[in-house]
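Taking it in order: structure first as structure tokens, then the write-up.
The values are calculated or read from the model by the stated rules, or taken from the named source; none is laboratory data. Quick caveat: nothing in here was measured; it's all calculated off a predicted structure. Note that each Cβ is placed from the backbone with ideal geometry, even for glycine, and that neighbours are counted across all protein chains shown.
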Amino acid sequence: MSEKSQARAVQQWLTFRVGDEEYGVDLLQVQEIRSYETPTRIASAPEYVNGVLDLRGDVVPIIDLRRKLGLQNKGYDAATVTIMLRLAHGVVGMVVEGVTDVVNLQPQHLRAVPPIKAGSANDYLLAMGVQEERSLILVDAQKLMGTSAEDAPSCAPT
């Protein structure tokens with residue numbers, strides 16, 4: 001395999017912490033990382049939607065990943081950040097406990113995730129990234145945040 005082919009096989013992941021686990025999302029989907037700001041609450045939004053923020057003129061839904069994954073809420077501190085993700089249906093903010101770093105993973109670092117239950121809510125799991133003693137849960141941000149405009153949290157008028 002040529003150097004160019006090998007370089008293309010490497011994928012970059014932004015890693016972050018939620019609960020006791022470390023997750024990764026494709027770096028190409030990340031628009032920016034912001035310090036946590038309290039969003040404007042939306043009354044009828046699901047519990048995991050913290051509200052919305054005005055991001056340079058765009059209204060962006062803010063999802064608390066801890067709540068979305070069914071974990072106990074522990075509040076926010078100085079390490080809490082919002083990762084702004086560019087998805088097919090627009091930008092969504094994902095609140096996490098902290099960003100770890102960016103890792104480069106080659107195909108040999110990826111392990112398949114066994115099916116947990118057909119049609120389960122875990123279809124957002126892509127793979128486990130294994131690098132030395134470190135294990136990462138790699139997620140499909142599109143599926144995790146909503147697979148379509150109909151599924152996605154929205155604040156646009158209908």
Within the range 22-49, residues being outside any loop (DSSP other than H, G, I, E, B) and modelled with pLDDT under 95 number 0
Picking from 41, 66, 86, the residue that is of a type in the set (D, E, K, R) and farther than 20 Å from residue 142 by Cβ would be 41
Note on the range 44-91: residues over 23 Å from residue 125 (Cα atoms), touching a residue at least 12 places away in the same chain (Cβ under 8 Å) and among the hydroxyl-bearing types (Ser, Thr, Tyr) are 76
Can you say whether residue 12 is in a loop (DSSP other than H, G, I, E, B) and exposed (fewer than 15 other Cβ atoms within 10 Å of the Cβ), as far as the supplied structure shows?
no
Residue set 65, 69, 55; condition buried (at least 19 other Cβ atoms within 10 Å of the Cβ) and among the aliphatic types (A, V, I, L, M); output residue 65
Are any of the residues in the range 113-121 touching a strand residue (DSSP E or B) at 6+ places or on another chain (Cβ under 7 Å) and at pLDDT below 95? yes
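Quick check on the range 98-119. Is at least one of its residues hydroxyl-bearing (Ser, Thr, Tyr) and under 17 Å from residue 146 (Cβ atoms)? If you could, list the steps in order and put the result at the bottom.
Step one: filter the range 98-119 for residues hydroxyl-bearing (Ser, Thr, Tyr), giving 100.
Checking which are under 17 Å from residue 146 (Cβ atoms) leaves us with none.
No, that holds for no residue.
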ask   = Is the range 64-78 home to any residue that is in a strand (DSSP E or B) and closer than 14 Å to residue 145 by Cβ?
value = yes
Determine if the range 35-43 includes at least one residue that is in contact with a helix residue (DSSP H, G or I) (Cβ under 6 Å, 6 or more places away or on another chain) and free of Cβ contacts under 8 Å to residues at least 60 places away in the same chain.
-> no
